[in-house]
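Below is one structure, written out as structure tokens, with a few remarks after it.
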Amino acid sequence: MAGSRFDAGWRVISASIAGPNHTSLGIENQDNLRAGPVGDGLHLLAVADGAGSQPRSAHGSRLSVDAAWEAANQVFARAPRTLAAWQKATDLYAQACLAQFDELVERAITPLRARPTATGVSSVARSEFATTLLAVVADPPFFSYVCVGDGFLVMERSPGGSHLVVPPPSDRETANETVFMTSAGRAHDVRTGLIVETGARGLALCTDGLIDGMLDVARGPDGTGHPYAPRDFDSYFAVFRTPGVDHSELSRKLQSKEFAASSGDDKTMVMAVHR
């Protein structure tokens with residue numbers, strides 16, 4: 001596939017590491033990511049976090065980012081040229097991500113159900129593929145996003161610095177349970193929108209294992225927590241904007257004792273910086 005317009009001015013760095021809880025138990029990393037050119041000169045950035053309580057969640061997170069990829073190629077086969085066209089495409093993209101995920105899961109389940117078992121019956125449920133998804137289709141200054149679950153997106157602006165533009169769900173929103181791509185009510189909880197930002201200089205898509213290590217929390221009068229991107233988030237973008245800094249530096253950072261202590265969960269980030 002040909003490169004995107006995004007490729008000409010931006011650098012993409014990504015890393016995904018198993019959390020210490022999973023490492024100690026010998027469990028695989030259940031996060032996945034995907035990034036690259038899609039459609040008519042646009043670029044996809046996507047991360048997904050498989051639910052640790054489900055046996056096929058790693059497979060589900062891989063299908064989730066693959067669904068974001070396939071949906072982007074469908075919806076953005078022709079790049080939107082107006083704000084109205086971008087808004088329409090963003091809504092269609094959210095629907096396409098869900099539909100494509102359902103199709104991929106069904107393809108994965110069908111051969112599994114056909115396998116013989118000791119009882120002669122193979123039962124595989126959709127819920128076994130439970131995963132979140134955060135995807136951005138970028139063609140600066142336009143950024144379409146789709147979020148199901150507790151991923152979050154930080155954008156660096158110039159001027160203005162880093163801002164949490166797609167926050168993880170609040171304490172009250174997650175009081176019942178995390179919404180997954182396999183959840184029955186996901187269509188009501190999917191968060192989607194279009195960001196138009198001429199000053200965008202950085203993007204960081206993160207799974208929830210990075211909430212405690214990357215975000216700070218302000219408490220409102222009622223005690224409700226409101227996460228935000230601290231001022232030093234700018235330094236992450238600055239590091240990878242520096243010529244000569246290797247991509248592996250992000251993996252080393254996520255594997256550091258500092259981040260291990262912040263959360264036992266898997267940690268995945270796709271970062272893009274304007275050169």
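By the scheme Lys and Arg +1, Asp and Glu -1, what is the net charge of all other residues having a beta-carbon under 11 Å from that of Pro140?
Here the charged neighbours net out to 0.
If Lys and Arg each add +1 and Asp and Glu each add -1, what is the summed charge of the other residues whose beta carbon sits under 11 Å from the beta carbon of Glu70? Before the final figure, lay out the partial values.
Numbers: positive: Arg34; negative: Asp66, Glu103.
After counting each charged neighbour, the total is -1.
Which FRET efficiency, nearest 0.05, do Asp40 and Arg11 yield, Cβ-Cβ r, R0 25 Å? Could you put the intermediate results ahead of the total?
Numbers: r = 22 Å, r/R0 = 0.87.
After rounding to 0.05, the efficiency reads 0.70.
Among the trypsin sites (Lys or Arg not before Pro) in region 1-95, which ones are in a DSSP loop with at most 16 other Cβ atoms within 10 Å of the Cβ? Mind listing them?
Filter output for region 1-95: Arg78, Arg81.
Quick one: compute the contact order of the chain, relative version, from alpha carbon pairs under 8 angstrom and 6+ residues apart, as a percent.
Relative contact order comes out at 26 percent.
State the extension gain, in nm to one decimal, for the chain segment bounded by Ser158 and Glu249, taking 0.36 nm per residue of separation less the distance between their alpha-carbons. Intermediate values should be presented prior to the final figure.
Values: separation 91, 0.36 × 91 = 32.76 nm, distance 2.41 nm.
Gain on extension, Ser158 to Glu249, equals 30.4 nm.
Let me know the Kirkwood hydrodynamic radius for region 5-274, please, with Cα pairs as the basis and the value in Å to one decimal.
Across region 5-274, the inverse of the average 1/r is 19.0 Å.
Calculate the spin-label point distance for Thr82 paired with Ser235, positioning each point 7 Å from the Cα along the beta-carbon direction, and give it in nanometres.
Label-label distance for Ser235 and Thr82, simple model: 4.7 nm.
When the helices in the chain are scored as -39500 (n - 2.57) per DSSP H run of 4 or longer and the sum is shared across all residues, what 222 nm value do you end up with, to the nearest 500 deg cm²/dmol?
Mean residue ellipticity, 222 nm, calculated: -9500 deg cm²/dmol.
Looking at Ala67, Leu203, Pro167, which one has the Cα that reaches farthest to the positive end of the dipole of region 5-274 (charges on Cβ: Lys, Arg +1; Asp, Glu -1)?
Positive-most Cα among the choices belongs to Ala67.
For a footprinting-style exposure proxy, rank Ser162, Ser127 by other Cβ within 10 Å, fewest first.
Fewest-to-most Cβ neighbours within 10 Å comes out as Ser127, Ser162.
Taking the Cα centre of region 5-274 as origin, sum charge times position over the Cβ atoms of Lys and Arg (+1) and Asp and Glu (-1), and report the length of that vector in debye to the nearest 20.
Using only the charged Cβ atoms, the result is roughly 500 debye.
Could you give the length gained by full extension between Arg219 and Glu28, i.e. 0.36 nm per residue of separation minus their alpha carbon distance, to one decimal place?
65.3 nm
For region 169-275, give the magnitude of the charge dipole about the Cα centre (Cβ charges: +1 Lys/Arg, -1 Asp/Glu; no others), in debye to the nearest 20.
So the dipole magnitude of region 169-275 works out to roughly 380 debye.
Any read-out appearing in this document is the output of simple, stated calculations on the displayed coordinates, not a laboratory observation. Note that the structure is a prediction, hence the values are computed from the model and not measured. All Cβ positions, even for glycine, are placed from backbone atoms using ideal geometry, and neighbour counts span all protein chains on display.
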